[in-house]
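Just below is one structure, and these are the notes that go with it.
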Amino acid sequence: MIRKYTYGTPFNTEAVVTDIPSEHGAPAYGTVSARQGFSFTYVMEKDDIVYGLGEANRGINKRGWCYISDCTDDPNHTEDKRSLYGAHNFIVISGNETFGLFFDYPAKITFDIGYTRMDTLTVSCEDSDLDLYVIDGDSPYDIVKQFRCMTGRSYVPPKFAFGFGQSRWGYKTKEDFEKVAQGYRENHIPLDMIYMDIDYMDAYKDFTLNRDFDDFPAFVQEMKDQGIRLIPIIDAGVKIEDGYDVYEEGVKNRYFCQREDGSDFVAAVWPGDTHFPDVQNPEARKWFGDKYRFLTDQGIEGFWNDMNEPAIFYSKEGLEEAKEMAEKFARTGTSNWDGSEKGSDETEDIGVWQLGDKLGSLANSPEDYQRFYHNVNGEMIRHDKVHNLYGFNMTRAAGEAFERIDPDRRFLMFSRSSYVGMHRYGGIWMGDNRSWWQHLLLSLKMLPSLNMCGFLYIGADLGGFGSDTTRDLLLRFLALGVFTPLMRNHSALGTREQECYQFEDIEDFRHVIGVRYRLLPYLYSEYMKAALSGGLYFRPLAFDYPEDPMAKRIEDQLMLGGEIMIAPVYEQNAKGRYVYLPEEMKFIKFMPDGTISEEILGKGIHYVEIALNEVPLFIRAGKCIPVADPAECVDKIDMGTIRMLGYEGAEYLLYDDDGVHKDYNLDRNCRVLQY
């Protein structure tokens, strides 16, 4: 049962696709105040669990911290951070009262979940203009399914997108990409995609190529002949440059975000001064989306959208304010951190820390997000009022364009920034993480929360994007990435090169990534069944074992599909780990010599040894899964080699299709496999 309560005059985010009429009165749970801004307050029981919030810091159970939905370009995902790249305002309270809440509000909104008071949930935002959806159900999983139904089917990528991809900020030339392809193919490490970061462009201009790619269609085909797709990045900022067609068309047709006075807003990003496409404007969104054709016409089948919070290095206005402060600091000359000494000719001095704070706050400043506007059906809406929708609508622009470019074909698309609803058009990666063991664990905990909000095609930068990775960290990251729909090794310019062939004992990487391809018939099948039925690919253990009090406390093991549980190792120098089994399961290890170790373990706590070059999983009692022979790319997986793994006498419902077109019929594409 879903009830909708409308406060004030909400902005239509288009997150919800079903028609749910608004009701009068107060929600059955909590207390609402809409007098000065909006707040929802609910007193939690001691053992209540709070799920949801998608891409958010800390744990699967969100109690004990304050989270702010405010899409933020911040690569330092330390434990104290409250905002990441996405805004996913859906939570489920599970306890004596079990219900879901979706706050459909496109601006900054705060979820204080037992932070100020340990027993109190408070959700608040500045304006009392929003829709609140209250969902009753038999269980947390039932509530999630209802939410998934009301927000629409999750994005379905092409099958090749379930292969392994290699990326690095710093690949610039054909030779760079050819070297990566050669490194993987010569060492027989499976690979399906090489990602093209910003340096493939001409001066960081969207929908351009640098001079090295003089015959790009031929190069794209050269890579495809090796079973490799090139996946270029598209950034939100359009470079200001005379003669650049995207810039000139946008200016001419008023397709860029504008200041209050009607002039085009200017912000600095990678190309220098840029304009932002007004993707809230349907006409501008169509125009920008159609620009992807420049690359699809040359054979490109996938993209990743970046910098679309949107990220701002600085604005003209912000830079001018900083210059004025620096000049004032130079005139007054005080060295006090707070400017407490007053100069003779100034009413207030500037301290060194004040100046430092100003310079440090130039990027992504709240003041800049108040300086530009969107044209929404002729009404000018200030950006900060709809800030969390930018990444959603940039990716929507591409998704809608793909329907025009080739309506029968699936394209790969994922984004950095997102809001609920974007899950219909693409997936996400979890942003610019670091080569930290704690980020391996954080990415594991985000997986079910993102699934709850509709995002199924997800994954982290394996090995870590920033900082220097280590061989053992990369292998442990890959052993988790084996199971995530998006499996990509990505690193930053200036960090240690972390392509898998850069390390000793390459055969370990060949094996671990090879397990992904052996399991791909199962992983693809479970993804498609989850997407088409509105279910979850990843789940907390408590969703499957609601009566088990221990399962409710487990945050480092996940259920995947209908048959398996995963429990990756996430600590350095660990030889294995403790696992809790809510029931008897078969402990499976894919061994480096190609064999598979099987051992039945009873319900309870076990210590299991897991070497760096082994991939573990657990098969539930009475279940089985399909496993194929290894392959070096998705197109070469031989479905005729499938054998079953798990419990004899079990059967498995396999979904399979051509992986290219949109024939998503479950009945036609499913068949039963017997073990």
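For the residues Gly37, Gly64, the requirement of being in contact with a strand residue (DSSP E or B) (Cβ under 8 Å, 6 or more places away or on another chain), of a type outside the set (S, T, N, Q) and open to solvent by less than 30 Å² (accessible area, probe 1.4 Å) singles out Gly37.
Checking each residue in the stretch 125-158 for being among the hydroxyl-bearing types (Ser, Thr, Tyr), assigned to a loop (DSSP other than H, G, I, E, B) and farther than 18 Å from Ala28 by Cα picks out Ser128, Ser154, Tyr155. Can you confirm whether the stretch 137-148 contains a residue that is farther than 23 Å from Ile49 by Cα, at pLDDT 95 or above and either among the acidic types (Asp, Glu) or surrounded by fewer than 19 Cβ atoms within 10 Å (Cβ to Cβ) (or both)? Looking for residues that are farther than 23 Å from Ile49 by Cα, at pLDDT 95 or above and either among the acidic types (Asp, Glu) or surrounded by fewer than 19 Cβ atoms within 10 Å (Cβ to Cβ) (or both), one finds none in the stretch 137-148, hence no. Consider the stretch 559-577 and keep the residues that are over 25 Å from the mean Cα position of the chain (by Cα) and either modelled with pLDDT under 95 or not in a loop (DSSP other than H, G, I, E, B) (or both). The one that is surrounded by the fewest Cβ atoms within 10 Å (Cβ to Cβ) is Gly576. With respect to being part of a loop (DSSP other than H, G, I, E, B) and open to solvent by 10 Å² or more (accessible area, probe 1.4 Å), Asp261 fits the description.
Here Pro592 meets the list (1) part of a strand (DSSP E or B); (2) closer than 24 Å to Glu571 by Cα; (3) open to solvent by 60 Å² or more (accessible area, probe 1.4 Å) almost entirely, failing just condition (1). Comparison of Gln354, Gln298 shows that the only residue that is open to solvent by 10 Å² or more (accessible area, probe 1.4 Å) and modelled with pLDDT of 85 or more is Gln298. Checking Met44, Met118 one by one, the residue that is touching a residue at least 12 places away in the same chain (Cβ under 8 Å) and touching a strand residue (DSSP E or B) at 6+ places or on another chain (Cβ under 8 Å) is Met44 and no other. Being on the phi > 0 side of the Ramachandran plot and in a loop (DSSP other than H, G, I, E, B) is a property that holds for Arg58. Being within 30 Å of the chain's Cα centre (by Cα), over 28 Å from Ile554 (Cβ atoms), open to solvent by 10 Å² or more (accessible area, probe 1.4 Å) and in contact (Cβ under 8 Å) with a residue 24 or more places away in the chain is a description that applies to Ile20.
If the condition is being surrounded by 18 or more Cβ atoms within 10 Å (Cβ to Cβ) and either on the phi > 0 side of the Ramachandran plot or of a type in the set (D, E, K, R) (or both), then the stretch 270-284 contributes only Asp278. Among the criteria (1) outside any helix (DSSP H, G or I); (2) in contact (Cβ under 8 Å) with a residue 40 or more places away in the chain; (3) surrounded by fewer than 22 Cβ atoms within 10 Å (Cβ to Cβ), the one Gln221 does not fulfil is (1). The residue of the stretch 77-124 that is surrounded by the most Cβ atoms within 10 Å (Cβ to Cβ), among those that are hydroxyl-bearing (Ser, Thr, Tyr) and part of a strand (DSSP E or B), is Ser94.
Residue by residue, here is whether (1) closer than 17 Å to Pro592 by Cβ; (2) of a type in the set (Ser, Thr, Tyr) holds:
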| position | (1), (2) |
| --- | --- |
| Glu504 | yes, no |
| His511 | yes, no |
| Pro521 | no, no |
| Tyr524 | no, yes |
| Met528 | no, no |
| Leu532 | no, no |
| Phe538 | no, no |
| Phe543 | no, no |
| Lys552 | no, no |
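Within the stretch 1-60, being aromatic (Phe, Trp, Tyr) and touching a Pro at 6+ places or on another chain (Cβ under 9 Å) holds for Tyr5, Phe11, Phe40, Tyr51. Of the strands (runs of 3 or more DSSP E) lying entirely inside the stretch 364-446, not one contains at least 2 residues that are surrounded by 21 or more Cβ atoms within 10 Å (Cβ to Cβ) and among the acidic types (Asp, Glu).
The values are calculated or read from the model by the stated rules, or taken from the named source; none is laboratory data. Just so it is clear, the model here is predicted, and its values are computed rather than measured. Cβ coordinates were reconstructed from backbone atoms using ideal geometry, including for glycine residues, and neighbour counts include every protein chain displayed. Please note that ligands, DNA and RNA were not included when accessible areas were found on the heavy atoms of the full protein model with its side chains. Shrake-Rupley method; radii C 1.70, N 1.55, O 1.52, S 1.80 Å.
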